[in-house]
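Take a look at the structure set out below.
The values are calculated or read from the model by the stated rules, or taken from the named source; none is laboratory data. On a predicted model such as this, the values are computed, not experimentally measured, just so you know. Cβ atoms come from the backbone with ideal geometry, glycine included; neighbour counts cover every protein chain shown.
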Amino acid sequence: MVNVADKLKDAKIKINSLDFDAHWYRRAFHAFGASFLIYYLLPDVYLINLLKLWIPPLIVLFVIILEVLRLTGKISSDHFFGLRMYEKKRVGSYVFFAVAIIILLRFFPQQIAIPCILCATLGDPIIGEIRRRYSMNYVYIIGFFVCMYFFIITWFKADVFLIILVSIVGGLGALIGETKKFWWLDDDFMIQMIPAILLLIIWIGIPHLGLSYPDVIISSSFMHW
Amino acid sequence: MVKKEMEYVKKQYYFSKIIRTEILFTPLLIGLPLIVGSFFIYDWYIRGVIGNCTAYNGELILGIIIIIGNIAFDMPFIKSLKVLSKKK
């Protein structure tokens, strides 16, 4: 007779014998964050709106509780793969990442939130790879154009003047957020919030410039699929 | 920032107790962005192409960016997994 417990134990040992490269795991984790843009595609119906209202803060709350338990030693850091040495006794960057995303999703217009989230989820790992392989000059140049690109594609329905203004300001803001390092405030937060705040100032000024707001890039789906 | 601080925390795994969290999370990490990107493209196809409306072109661009961006980082991640497994 087959011993199920032994088989399960063998399977666990086999699965756990796999090993990951922490560096690439972290990069893949960043890129995974782009999935949160599904928030804007979800249909505008009561039940889904209720889920949209409660699920993101609950995820962030869960992440904060996990981090508190890790920092107080109640959960071993062994369960948090890909942590950097400087994050051992500090709040992990994934918490900053999640908090910034929820602030953008809930309190900023879609036209500002989407490019800022893309800067953190895809721009940040691209800049990180450039930093590893080339000099800082390349980081500034390529990083700026990559982030600028995310703002152009999100604002492509806007007036040409606005596209140019927003892409330059947004690209610079994201680059400053990524390159300026603080021990207590992670770049995953800064790369999203600095361009978002700069763009919010532009957003408020749009009517005063005699221009109109650009249309949203993602409309709520009717869920017919 | 000091280079040493940028290194990753070394871990001692307890193989027999539980399946490691990063392994449990990996299918979601790779699969969800691809599904979300596909949804964007599918929604663009249904409402944009079949509905003959250009207002949804942004969804196509975002879908492509999400899929390509994720594949670009998932590929080296999966490759690194294989290499480390062979070493073991």
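Here are the numbers for this structure:
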read-out: Failed condition for A:Met85, given (1) touching a residue at least 24 places away in the same chain (Cβ under 8 Å); (2) surrounded by fewer than 20 Cβ atoms within 10 Å (Cβ to Cβ); value: (1)
read-out: Segment A:130-155, residues that are touching a residue at least 24 places away in the same chain (Cβ under 8 Å) and aromatic (Phe, Trp, Tyr); value: A:Tyr140, A:Phe144, A:Phe145, A:Phe150, A:Phe151, A:Trp155
read-out: Failed item in (1) in a helix (DSSP H, G or I); (2) within 29 Å of A:Ile194 (Cα to Cα); (3) modelled with pLDDT under 90, with A:Phe29 passing the rest; value: (3)
read-out: Condition broken by A:Val60, with the remaining ones in (1) within 13 Å of chain B (Cβ to nearest Cβ); (2) under 30 Å from B:Met75 (Cβ atoms) satisfied; value: (1)
read-out: Unmet criterion (only one of (1) more than 10 Å from chain B (Cβ to nearest Cβ); (2) under 29 Å from B:Gly37 (Cβ atoms)) for A:Lys7; value: (2)
read-out: Boolean, B:Gly63 is more than 20 Å from A:Gly128 (Cα to Cα), in contact with a Gly (Cβ under 6 Å, 6 or more places away or on another chain) and more than 9 Å from every other protein chain (Cβ to nearest Cβ); value: yes
read-out: Verdict on A:Phe156 being surrounded by 13 or more Cβ atoms within 10 Å (Cβ to Cβ), in a loop (DSSP other than H, G, I, E, B) and either away from chain B (no Cβ under 14 Å) or of a type in the set (Phe, Trp, Tyr) (or both); value: yes
read-out: Which numbered condition A:Pro125 fails, given (1) farther than 19 Å from A:Phe96 by Cβ; (2) buried (at least 16 other Cβ atoms within 10 Å of the Cβ); (3) within 12 Å of another protein chain (Cβ to nearest Cβ); value: (1)
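Results for (1) within 10 Å of another protein chain (Cβ to nearest Cβ); (2) within 24 Å of B:Pro27 (Cα to Cα); (3) exposed (fewer than 15 other Cβ atoms within 10 Å of the Cβ); (4) at pLDDT below 90, shown as yes or no for each residue.
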| residue | (1), (2), (3), (4) |
| --- | --- |
| A:Val2 | no, no, yes, yes |
| A:Asp19 | yes, yes, no, yes |
| A:Ile64 | no, yes, yes, no |
| A:Gly73 | no, no, yes, yes |
